[in-house]
Amino acid sequence: MARNAAFAAIAIAALIAVPFVAPHAEYALDVLFLIFLYGAMATAWNLVGGFAGQVSFGHAAFLGIGAYATAIMTQNGISLWISVPVSALLAGAYSLVIGIPAFRLRGPYFSIATIGIGEATRLIARNWSSLTGGVSGLTLSSAPPLLLQYFAALALLVAAVGLAAWIRASRFGYALAAVRQDTDAAETLGVATTVAKTQALFLSACILGVAGSVYALHYLFVSPDSVFGFSTSIALVIMPIIGGLGTVTGPLIGAVIYTFIREQLAATLANVDLLAFGVLLIAIVVFEPRGILGIADRIRRMRKPPAVTVPDG
Amino acid sequence: MADPILEGRGLTKRFGGLIAVDGVDIAIERGEICGLIGPNGAGKSTLFRLISGVMRPTAGTVTFNGRPITGRSAHDICVAGVAVTHQIVRPFRDMSVVENVMVGAFFGHRPRPRGRGGARAAAMEELEVCGLADRAESPARSLTLGGHKRLEIARALATRPKVLLLDEVLAGLNPTETDRTLDLVRTVRERGTTIVMVEHNLRAVRGVCSRIVVLVEGRKIVEGDPDAVLTDERVVSAYLGTAAHA
């Protein structure tokens, strides 16, 4: 635990130093920014999909609400100090509206319902033109300085991963783990399972709401098919699975791999990145469902055969 | 029985056309070990589910400590003080033995234990009682069937129940494990926990229970002193499969 904290502190210090050491490496800073943003989003998804085992295919809805809320408020001259927290809370409020009915469903039925919710939300954004600008979306005029964006995304990532690490070791974390492994048994041991799931979804949605703000201010453009798109929801599922579902650092590792594949392959040949993700996903599900961290754990065991250890990414 | 700790009145559960539990009245006395027996499909486990809040009864009421608990959620009822073990064991498979028990300590226990250390200490106490302390750090899935059954009991005990419903904790155990588990049941009863146990092992029931309730086809047919009940001709015929309507 202390070693993990020390490692995290060194990593954060190094990432803070990067823009000062290499102020003109704009491409590198841009890639790091994307990794931070996707890492925070994947970590947020993992609170619900990994920790609590409630796999959602509709999480883009929360990102989209955060992005649109910030875009609309910024267009109306509202300060970021107000618009960013309000975006988080709007996404959180939306999670309660959909979570309370959706959590009456279990397992695959919940997952299917989230596809419907995500798509319905996208269609609302497309058709509520007076508020959202419809299909053509909303455009913002000026972005905050890249340095500020970089640190905002880093802060969001650190907050998200820190929250995940804290939850995992807490009473709440035990509730989510119990829900994931056997919801009925958890219920008979006193765990208010629906409340626990709803709380996890709320926290997850709030983080995605802030991620939406950061997204809108970076790209200066939000449209229904980008922020509310099904492919965004799928990306949020893929990253934690690649890295290690239900672990603290897995989603971040997944975000690094995801961002590199997308940056490298999408630039060379259209849609090759999708093929790569498909192959990667199948390989992981077939060979090592615990993802990259599971592979790392296997290597550790091969080196040190007698030790009986439990992975605790 | 002047002041039962747990009481069901007219409990009924229908699944479509099937009546699994049919108007059962049952009263559990403070501090007793009550056996609940009957042939397969008699509705014993369903009755437990109705009492513990896992299922809502179609009709009837459940009262615990004089207060109605009918229709309350399973976690509420657990926190109030009625714990249940599962006939088919349901460990949290990715957790260690002690972590499984910590879930009960964290959530079923009032006042709440202080942090992870508090929950862990409470869990270790129950593992000690259940003879699993030396397996505390093992993965739950590595236990034998006997170990799993004791883990079910340890988890339920960690919620500090006033009434413990044991659903076939002896099924599948060898004679040594059976004796060990029966000793555990007596120990728990001496701590002041009231016990209701569904059991097919009639010798064990006779050895440990102070009273027996017999269910057949969803109805209560006899209750009372173990020796009297087990020699009752209606019970004998129900078990031997001859006409049950003597």
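The values are calculated or read from the model by the stated rules, or taken from the named source; none is laboratory data. These numbers were taken from a predicted model, which means no experiment stands behind them. Here the Cβ positions follow ideal geometry from the backbone for every residue, glycine too, while neighbour counts run over all protein chains shown. These area figures cover heavy atoms from the full protein model, side chains too; ligands, DNA and RNA do not enter into them. Shrake-Rupley method; radii C 1.70, N 1.55, O 1.52, S 1.80 Å.
Going through (1) at pLDDT below 90; (2) of a type in the set (G, A, S); (3) closer than 20 Å to A:M239 by Cβ one by one, A:A5 falls short only on (3).
What do you reckon, is A:L154 surrounded by 19 or more Cβ atoms within 10 Å (Cβ to Cβ), in contact (Cβ under 8 Å) with a residue 40 or more places away in the chain and assigned to a helix (DSSP H, G or I)?
yes
For segment A:144-197, enumerate the residues that are among the polar types (S, T, N, Q) and more than 9 Å from every other protein chain (Cβ to nearest Cβ). If you could, list the steps in order and put the result at the bottom.
Keep residues of segment A:144-197 that are among the polar types (S, T, N, Q), which gives A:149, A:170, A:181, A:183, A:188, A:193-194.
Answer for segment A:144-197, where residues must be among the polar types (S, T, N, Q) and more than 9 Å from every other protein chain (Cβ to nearest Cβ): A:Q149, A:T183.
Is it true that B:R49 is more than 13 Å from chain A (Cβ to nearest Cβ), basic (K, R) and open to solvent by 30 Å² or more (accessible area, probe 1.4 Å)? Write out each step before concluding.
Working: more than 13 Å from chain A (Cβ to nearest Cβ): no; basic (K, R): yes; open to solvent by 30 Å² or more (accessible area, probe 1.4 Å): yes.
Against the criterion (more than 13 Å from chain A (Cβ to nearest Cβ), basic (K, R) and open to solvent by 30 Å² or more (accessible area, probe 1.4 Å)), B:R49 does not qualify.
Here segment B:1-29 is the region considered, the condition is being surrounded by fewer than 20 Cβ atoms within 10 Å (Cβ to Cβ) and of a type in the set (V, I, T), and the residue that is farthest from B:T70 (Cα to Cα) is B:I19.
Looking across segment B:14-51, the residues that are in contact with a Leu (Cβ under 8 Å, 6 or more places away or on another chain) and either outside any strand (DSSP E or B) or without any contact (Cβ under 8 Å) to a residue 60 or more places away in the chain (or both) come down to B:A27, B:G38, B:A42, B:G43, B:K44, B:L47, B:F48, B:L50, B:I51.
Within segment A:164-175, can one find any residue that is part of a helix (DSSP H, G or I), within 30 Å of A:L32 (Cα to Cα) and either touching a Lys or Arg at 6+ places or on another chain (Cβ under 6 Å) or open to solvent by 40 Å² or more (accessible area, probe 1.4 Å) (or both)? For segment A:164-175, residues part of a helix (DSSP H, G or I), within 30 Å of A:L32 (Cα to Cα) and either touching a Lys or Arg at 6+ places or on another chain (Cβ under 6 Å) or open to solvent by 40 Å² or more (accessible area, probe 1.4 Å) (or both): present. Taking the options B:R203, B:R234, name whichever one is open to solvent by 60 Å² or more (accessible area, probe 1.4 Å), closer than 20 Å to B:V24 by Cβ and modelled with pLDDT under 95. Result: B:R234 is the single residue among B:R203, B:R234 that is open to solvent by 60 Å² or more (accessible area, probe 1.4 Å), closer than 20 Å to B:V24 by Cβ and modelled with pLDDT under 95. Inspect segment B:156-166 for any residue being small (G, A, S) and either more than 18 Å from B:R191 (Cα to Cα) or open to solvent by 20 Å² or more (accessible area, probe 1.4 Å) (or both) and give the result as yes or no. Looking for residues that are small (G, A, S) and either more than 18 Å from B:R191 (Cα to Cα) or open to solvent by 20 Å² or more (accessible area, probe 1.4 Å) (or both), one finds none in segment B:156-166, hence no. Taken over segment A:64-111, the residue count meeting the criterion of being in a loop (DSSP other than H, G, I, E, B) and under 21 Å from A:W128 (Cα atoms) is 1.
Working carefully through the options A:G246, A:G294, find the one that is buried (at least 19 other Cβ atoms within 10 Å of the Cβ), under 16 Å from the mean Cα position of the chain (by Cα) and touching a residue at least 24 places away in the same chain (Cβ under 8 Å). Break it down stepwise before answering.
Working: A:G294 fails: under 16 Å from the mean Cα position of the chain (by Cα).
After ruling out the rest, the residue left standing is A:G246.
Applying the criterion of being of a type outside the set (G, A, S) and farther than 13 Å from B:P91 by Cα to the residues of segment B:130-157, the residue that is nearest to the chain's Cα centre (by Cα) is B:L157. Which members of segment A:215-226 meet the condition of being among the polar types (S, T, N, Q) and not in a helix (DSSP H, G or I)? Scanning segment A:215-226 gives a single hit, A:S223.
When you scan segment A:81-92, do you find a residue that is open to solvent by 20 Å² or more (accessible area, probe 1.4 Å) and small (G, A, S), even just one? Step through it out loud before you land on a result.
Restricting attention to segment A:81-92, the residues satisfying the condition of being open to solvent by 20 Å² or more (accessible area, probe 1.4 Å) are A:81-82, A:84-86, A:89-90.
After this cut, where a residue has to be small (G, A, S) as well, the list is none.
So far as segment A:81-92 goes, no, none of its residues is open to solvent by 20 Å² or more (accessible area, probe 1.4 Å) and small (G, A, S).
Looking only at segment B:115-147, count every residue that is surrounded by fewer than 19 Cβ atoms within 10 Å (Cβ to Cβ) and either touching a residue at least 40 places away in the same chain (Cβ under 8 Å) or on the phi > 0 side of the Ramachandran plot (or both) and tell me the total. Number of matching residues: 9. Applying the set (1) open to solvent by 60 Å² or more (accessible area, probe 1.4 Å); (2) in contact (Cβ under 8 Å) with a residue 12 or more places away in the chain; (3) closer than 24 Å to B:G41 by Cα; (4) not hydrophobic (A, V, I, L, M, F, W, C) to B:T178 leaves exactly one unmet item: (1).
Cβ separations smaller than 6 Å between residues 6+ apart or across chains give the following pairs from segment B:103-114 residues that are touching a residue at least 12 places away in the same chain (Cβ under 8 Å) and more than 7 Å from every other protein chain (Cβ to nearest Cβ) to residues that are part of a loop (DSSP other than H, G, I, E, B) and surrounded by 12 or more Cβ atoms within 10 Å (Cβ to Cβ): B:A105/B:P113; B:H109/B:T159; B:H109/B:R160.
Within segment B:52-88, the set of residues being out of contact with any helix residue (DSSP H, G or I) (no Cβ under 8 Å at 6 or more places or on another chain), outside any loop (DSSP other than H, G, I, E, B) and crowded, with 17+ Cβ neighbours inside 10 Å comprises just one member, B:A80. Scanning segment B:134-149 for residues that are in contact with a helix residue (DSSP H, G or I) (Cβ under 7 Å, 6 or more places away or on another chain) and of a type outside the set (S, T, Y) yields B:R135, B:A136, B:E137, B:A140, B:L143, B:G146, B:G147, B:K149. None of A:G190, A:G212 is open to solvent by less than 40 Å² (accessible area, probe 1.4 Å) and outside any helix (DSSP H, G or I) except A:G190.
Taking segment A:193-205 as the range and being open to solvent by 20 Å² or more (accessible area, probe 1.4 Å) and either among the aliphatic types (A, V, I, L, M) or at positive phi (or both) as the test, the residues that pass are A:V195, A:L203. In segment B:81-102, the qualifying residues are those that are within 29 Å of B:E7 (Cβ to Cβ) and of a type in the set (G, A, S), and the one that is nearest to the other protein chains (Cβ to nearest Cβ) is B:A83.
Would you mind stating whether B:G146 is more than 8 Å from chain A (Cβ to nearest Cβ) and assigned to a loop (DSSP other than H, G, I, E, B)? Let's see the steps before the verdict.
Values: more than 8 Å from chain A (Cβ to nearest Cβ): yes; assigned to a loop (DSSP other than H, G, I, E, B): no.
So B:G146 fails the test.
Counting the residues of segment A:215-236 that are under 27 Å from A:G291 (Cα atoms), β-branched (V, I, T) and open to solvent by less than 10 Å² (accessible area, probe 1.4 Å) gives 1.
Could you tell me whether any residue of segment A:134-143 is surrounded by 13 or more Cβ atoms within 10 Å (Cβ to Cβ), under 21 Å from A:A216 (Cβ atoms) and modelled with pLDDT of 95 or more?
no
Would you mind stating whether A:S233 is closer than 24 Å to A:V97 by Cα, away from every other protein chain (no Cβ under 14 Å) and touching a His at 6+ places or on another chain (Cβ under 8 Å)? In short, yes.
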